Amino acid sequence: MNMLGMFCIRACSGLLGCRTATRARSLHSVPGITVAQIDEEVAKLLELKAQLGGDDGKHAFVLKTAKGTRDYNPKQMAIREKVFNVIVGCFKRHGAETIDTPVFELKETLTGKYGEDSKLIYDLKDQGGELLSLRYDLTVPFARYLAMNKITNIKRYHIAKVYRRDNPAMTRGRYREFYQCDFDIAGQYDAMIPDAECLKIVHEILSELDLGDFRIKVNDRRILDGMFAVCGVPDDKFRTICSTVDKLDKMPWEDVKKEMVNEKGLSEEVADQIGQYVSMQGGMDLAERLLQDQKMCQSKQACAGLSDIKLLFSYLELFQVTDKVVFDLSLARGLDYYTGIIYEVVLTQAGVAQVSTDAQNGAEETVSVGSVAGGGRYDGLVGMFDPKGRKVPCVGISIGIERVFSIMEQKAETSAEKVRTTDVQVMVASAQKNLLEERLKLVTELWNAGIKAEVMYKKNPKLLSQLQHCEESGIPLVAILGEQELKDGVVKLRVVASREEVDISRADLVGEIRRRTSEA
């Protein structure tokens, strides 16, 4: 930056601090800078100041949502509701009950549970002497809830918002405020039966939502720790190396290895040995092969994990979901609280094209949402909150629903099918003037009978306007009143799609509406 530019910045600072004249006078004595140049630059700064606002403390207010958040319009909310219904229906089908917990927790409740991701926790200002943080996930609050209430057995689901101080990527469904849909089984049960049901559940949900092809990657923390041990990773580096391995779905092995060696202090030989293992994928056959591996069989915990992987696959075969499940040694899951089986669900086919909300040139890009669910076994987390350290074994799955929404919304955009934003079954309309009271009487009868109905808020609406509203809103039926219909004790029921009209007696109207809307 040249000397004039530097002094102009100083002049700008002075302008905003109401010391313009003093700053400007100080520039006059600088060699090589003329008064004309100073006046020209000051004029520019004054113009900029006028655009930003005056000295009264006001500034130009930008009306927008906070970074990493978004609003949802009625169409988007209708899609969300459909997705939630599918998920909740599946959770209930598997016998789960629901709970709720506060959106913020004591800071110490969340501290030390998320490994390197702890830096993403939102801390709140001190309020009334308690240090608080917004919840990062639903799992740690669930463990706290179990310990507080001395619960040792529960199958629960929880759908709520969580918060992460992450770098948002809106087009990939990555936000700072987002919903998670969790299903967890707490209690002492025989190995791998609850774990297998969690994978069955996510398989059912993604299949019903029809998002495209997906893969469920599974591994075990005991296998990872055993692998690190036999490869020569020091005990105190297990967790930090685990977090690095977890980046393999976003970075090539060369970059992951570089981080292990240059930042985490591993030797290249140890990193190369890890690289040989984390490149392996398979099914029950891979678990059997690794049980015979000369190095891996030296670790008792790795052998225990591999035996459980074999057992898991035998149950998954009975649940008929092995076509989507792969045993992947590169899967690490960076959270510290996992103790056994871990899994992650990724979409494997490219999404539909969408217009990037971030791209300034308006170019199209592909929706790439990556991981849509993850989870695992965390047998020690509840014990961290219990005064006597009593453990409650737990396993669960968490669906990152915002990423699912990204795909569902794009599918809706490219589909010819209209997304309805209301559930109204029938519009009560009139064909002539001065029938407002009759319309209100009829809509009241329908509401009292449990029929979803609405009426226009005008005394004398045109029939065409009422019919157009039905077509635009997707309302399937219109109950039309006229003077003749009132005399005859009937209502003219019109099917919007076919424009078929039939006279129905007032007494039979509710039953006819139910019959026709149930068939639709």
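Annotations for the structure displayed:
- For region 120-167, the candidate set comprises residues that are open to solvent by less than 80 Å² (accessible area, probe 1.4 Å) and among the acidic types (Asp, Glu); within that set, the residue that is farthest from residue 100 (Cα to Cα) is 166.
- Within region 266-281, the set of residues being closer than 18 Å to residue 333 by Cα and part of a loop (DSSP other than H, G, I, E, B) comprises 279, 280.
- For region 282-318, the candidate set comprises residues that are open to solvent by 70 Å² or more (accessible area, probe 1.4 Å) and in a loop (DSSP other than H, G, I, E, B); within that set, the residue that is modelled with the highest pLDDT is 292.
- Residue pairs whose Cβ atoms lie under 7 Å apart, sitting 6 or more positions apart in sequence or on different chains, and linking a residue in region 440-464 that is closer than 16 Å to residue 478 by Cβ to a partner that is outside any loop (DSSP other than H, G, I, E, B) and open to solvent by 70 Å² or more (accessible area, probe 1.4 Å), are 453/447; 455/440.
- Selection status of residue 183, in contact with a helix residue (DSSP H, G or I) (Cβ under 8 Å, 6 or more places away or on another chain), crowded, with 22+ Cβ neighbours inside 10 Å, outside any helix (DSSP H, G or I) and aromatic (Phe, Trp, Tyr): yes
- Residues (crowded, with 20+ Cβ neighbours inside 10 Å and in a strand (DSSP E or B)) located in region 205-221: 216, 217, 218, 219, 220
- Of all residues in region 234-265, those satisfying the criterion of being farther than 19 Å from residue 281 by Cα, touching a residue at least 24 places away in the same chain (Cβ under 8 Å), open to solvent by 20 Å² or more (accessible area, probe 1.4 Å) and in a helix (DSSP H, G or I) are 237, 239, 240.
- Among the criteria (1) within 27 Å of the chain's Cα centre (by Cα); (2) crowded, with 19+ Cβ neighbours inside 10 Å; (3) not in a helix (DSSP H, G or I), the one residue 195 does not fulfil is (3).
The values are calculated or read from the model by the stated rules, or taken from the named source; none is laboratory data. These numbers come from a predicted model, not from an experiment. Reconstructed Cβ throughout: ideal geometry from the backbone, glycine too, with neighbour counts over all protein chains shown. Just the protein is used for accessible areas: all its heavy atoms, side chains included, with ligands, DNA and RNA removed. Shrake-Rupley method; radii C 1.70, N 1.55, O 1.52, S 1.80 Å.
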